[in-house]
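The values are calculated or read from the model by the stated rules, or taken from the named source; none is laboratory data. The structure displayed is predicted, hence computed values, not measured ones. Neighbour counts run over all protein chains shown; Cβ positions are idealised from the backbone, glycine included. Remember, those area values only see protein heavy atoms, side chains included, never the ligands or the DNA or RNA. Shrake-Rupley method; radii C 1.70, N 1.55, O 1.52, S 1.80 Å.
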Amino acid sequence: MAAKSFVRRARRAAAQREASSELPFWKRKTLAQMSKSEWEALCDGCGMCCVNKLEYEGTGELAQTDTCCKLLDPKTARCRDYKNRKKIVPDCIQLTANVVAKMDWLPKTCAYRLVHLKQDLYWWHPLVSGDPETVHQAGISARGKVIPEDQVEDITERVVDWFA
């Protein structure tokens with residue numbers, strides 16, 4: 001509910017910016033300069049950062065699986081307990097500006113990665129489209145594509161190539 005409220009406010013703010021020609025926060029600020037609410041709004045809700053990847057020894061190559069963190073809801077692509085995720089899943093990686101700068105496993109479409117690289121957000125990003133569903137409609141999200149890791153015996157047998 002709060003996300004929809006923020007999107008409505010973002011849509012209004014975008015219209016006001018257009019009238020005043022002020023750039024949106026993700027074009028004006030670095031990740032480190034963003035407020036907590038701006039940082040959270042930058043997340044497109046795809047859930048792909050919570051999808052398990054395998055790193056092959058020797059090559060360091062990453063492979064995408066169709067398994068996800070046990071807290072990711074496969075029907076919504078949202079964390080079931082975002083506030084307490086670090087307590088429940090201690091190895092959950094909390095994204096920060098420093099982490100984003102170092103992590104090469106974030107999807108190429110990730111807004112945090114795009115802003116870090118000084119690139120623009122895609123048309124389907126909720127801050128651009130004004131609709132939190134466009135990320136799912138564009139097929140970019142984990143919604144409906146993943147199964148929680150605690151329901152799988154061997155994730156090495158679950159490698160996929162969704163975005164090749």
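Being in contact (Cβ under 8 Å) with a residue 60 or more places away in the chain and open to solvent by 40 Å² or more (accessible area, probe 1.4 Å) holds for only one residue in Gln64, Gln119, and it is Gln64. Looking for something within 21 Å of Leu117 (Cβ to Cβ), more than 15 Å from the chain's Cα centre (by Cα) and of a type in the set (A, V, I, L, M) - is there at least one such residue anywhere in the range 33-52? Yes, the range 33-52 has at least one match. Does at least one position in the range 46-57 carry a residue that is of a type in the set (Asp, Glu), open to solvent by 50 Å² or more (accessible area, probe 1.4 Å) and in contact with a strand residue (DSSP E or B) (Cβ under 7 Å, 6 or more places away or on another chain)? Within the range 46-57, one or more residues are of a type in the set (Asp, Glu), open to solvent by 50 Å² or more (accessible area, probe 1.4 Å) and in contact with a strand residue (DSSP E or B) (Cβ under 7 Å, 6 or more places away or on another chain).
When the test is whether a residue is crowded, with 17+ Cβ neighbours inside 10 Å, more than 19 Å from Arg28 (Cα to Cα) and within 15 Å of the chain's Cα centre (by Cα), Leu127 does not pass it.
Could you tell me whether any residue of the range 74-90 is free of Cβ contacts under 8 Å to residues at least 40 places away in the same chain, hydrophobic (A, V, I, L, M, F, W, C) and part of a strand (DSSP E or B)? For the range 74-90, residues free of Cβ contacts under 8 Å to residues at least 40 places away in the same chain, hydrophobic (A, V, I, L, M, F, W, C) and part of a strand (DSSP E or B): present.
Residues are listed down the side, and each one gets a yes or a no for (1) farther than 28 Å from Glu157 by Cα; (2) acidic (Asp, Glu); (3) open to solvent by 30 Å² or more (accessible area, probe 1.4 Å):
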| site | (1), (2), (3) |
| --- | --- |
| Phe25 | yes, no, no |
| Thr30 | yes, no, yes |
| Lys36 | yes, no, yes |
| Cys68 | no, no, no |
| Thr76 | no, no, yes |
| Asn98 | yes, no, yes |
